[in-house]
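Below is one structure, written out as structure tokens; comments come after it.
The values are calculated or read from the model by the stated rules, or taken from the named source; none is laboratory data. This one's a predicted model, so the numbers in the text were calculated from it and none came from an experiment. With ideal geometry, Cβ positions are generated from the backbone for all residues, glycine too; neighbour counts draw on all protein chains shown.
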Amino acid sequence: MIGWYVHHHGWGHATRLQAILPHLVDEVTVFSSLPEPPGLSAGARWVTLPSDADDIVTADGARRSARHFGDETARGSLHWAPIAHPGHRARLAVIADWAAAIEVSVFVVDVSAEVAAFVRLLGIPTVVVAQPGRRTDRPHRMAYEMADRILAPWAAGTMPAEGLTGFDDRVRRVGGVSRYDGRGADRAVGRRVLFLGRTLADSALRQAIALLRADGWSVETAGTGDGDRADDVWPMITRAQVVVSAAGQNSVADLAAANARAVVVPQERPFDEQGETGRVLAAGGWAEVAPCTAGSEQLVALVQRAAGRRPDWSGWQVSGAAARAAAVIDEVRV
């Protein structure tokens, strides 16, 4: 049995799991604070963990913040381990109880320095999923030191990822992992733009859409607000002449799978994750890159410029990346 921890920020970590699942030989138990996503593979079981960030309710009924009882970083050694938080204790206990009752072949952590350390202390082979950005802090170094393998979901020679320096013996760069790898589609002819995800402030998005439509573009949106979520955005990506997207790893891998013309708008994230990705995309000529503060007129100009591109995303190495990721996990399976 494989254990797999999925971080609760957004759905990107869960999406990556679902792309890799079909290539694994063992069944998988997934642990996450997220609710189970629709369409989970038959060979996977989802365990929803208690939250470790909500208020603590003390015996007298008072509510305290998760940080109330002390330094949740243990003087910078950890990212998040709140003192006297029952949810934090319970979520680790759930993982420990499961590991004690079953033969675990390997545990994949995407991502948490604390969970990586915890499962390795339980004596389980551990694969840590790396993220772009400046991750040279003590908790990240601890997780990388303790990992048996570090799975980097990007192609060799793309992301600087200075936090991985010194770990060449266990780093495996597999390429961008996309759930749409190998899925065919016909690209429609015409001036069509897709705004994918929450990339712009609402006012800037409305103004950009109005300007594009006035210039003769058809515009679609997916995931830009509460009312336009789409479970399958592949047909929308492939029929768009230009896609406007954030710089998350899954989003960029999906663009690469479609060989899309794109304007990428890196969002502010911890450790400058998307900023680093945006700089790589701009330097490599894969996409037009705009700041998240871009105005509507600037964005429209970049869409028009992107429409004239002929990108070659082969260097992002999406083809076969999910299978290569599964092979990395298999390297340490016992």
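Residue 200 passes all but one of (1) in the same structural domain as residue 102 (by TED's automatic domain parsing); (2) in a loop (DSSP other than H, G, I, E, B); (3) among the hydrophobic types (A, V, I, L, M, F, W, C); which number fails?
(1)
Working only within segment 162-209, note down all residues that are more than 19 Å from residue 229 (Cα to Cα), without any contact (Cβ under 8 Å) to a residue 60 or more places away in the chain and of a type in the set (A, V, I, L, M, F, W, C).
164, 167, 171, 188, 189
Condition (residue is surrounded by 13 or more Cβ atoms within 10 Å (Cβ to Cβ), within 20 Å of residue 263 (Cβ to Cβ) and not small (Gly, Ala, Ser)) applied to segment 163-182: is it met by at least one residue? Walk me through it before giving the result.
Keep residues of segment 163-182 that are surrounded by 13 or more Cβ atoms within 10 Å (Cβ to Cβ), which gives 163-164, 167, 170-181.
Then keep just the ones that are within 20 Å of residue 263 (Cβ to Cβ); that gives 176, 178, 180.
When the remaining residues are screened for being not small (Gly, Ala, Ser), the result is 180.
Yes, that holds for at least one residue.
Is it fair to say residue 327 is in contact with a helix residue (DSSP H, G or I) (Cβ under 9 Å, 6 or more places away or on another chain) and in the same structural domain as residue 147 (by TED's automatic domain parsing)?
Details: in contact with a helix residue (DSSP H, G or I) (Cβ under 9 Å, 6 or more places away or on another chain): yes; in the same structural domain as residue 147 (by TED's automatic domain parsing): yes.
Spelling it out, residue 327 is indeed in contact with a helix residue (DSSP H, G or I) (Cβ under 9 Å, 6 or more places away or on another chain) and in the same structural domain as residue 147 (by TED's automatic domain parsing).
Taking segment 23-40 only, how many residues are loosely packed, with under 14 Cβ neighbours inside 10 Å and farther than 17 Å from residue 105 by Cα?
Residues that pass the stated criteria total 3.
It is to be established whether one or more residues within segment 71-93 are part of a helix (DSSP H, G or I), in contact with a Phe, Trp or Tyr (Cβ under 9 Å, 6 or more places away or on another chain) and touching a residue at least 40 places away in the same chain (Cβ under 8 Å). Write out each step before concluding.
Within segment 71-93, the first condition is being part of a helix (DSSP H, G or I), and the residues that meet it are 86-93.
If we keep only those that are in contact with a Phe, Trp or Tyr (Cβ under 9 Å, 6 or more places away or on another chain) too, we end up with 88, 91-92.
Then keep just the ones that are touching a residue at least 40 places away in the same chain (Cβ under 8 Å); that gives 91.
Taking every residue of segment 71-93 in turn, at least one turns out to be part of a helix (DSSP H, G or I), in contact with a Phe, Trp or Tyr (Cβ under 9 Å, 6 or more places away or on another chain) and touching a residue at least 40 places away in the same chain (Cβ under 8 Å).
Quick check on segment 147-157. Is at least one of its residues modelled with pLDDT of 95 or more and over 30 Å from residue 313 (Cβ atoms)?
Looking through segment 147-157, at least one residue is modelled with pLDDT of 95 or more and over 30 Å from residue 313 (Cβ atoms).
Being assigned by TED's automatic domain parsing to the domain that holds residue 326 and under 20 Å from the mean Cα position of the chain (by Cα): is that true of residue 133 here? Spell out how you get there, then give the answer.
Working: assigned by TED's automatic domain parsing to the domain that holds residue 326: yes; under 20 Å from the mean Cα position of the chain (by Cα): yes.
Criteria met by residue 133.
Please count how many residues of segment 281-304 are touching a residue at least 40 places away in the same chain (Cβ under 8 Å), closer than 19 Å to residue 266 by Cβ and assigned to a helix (DSSP H, G or I).
Final tally of qualifying residues: 5.
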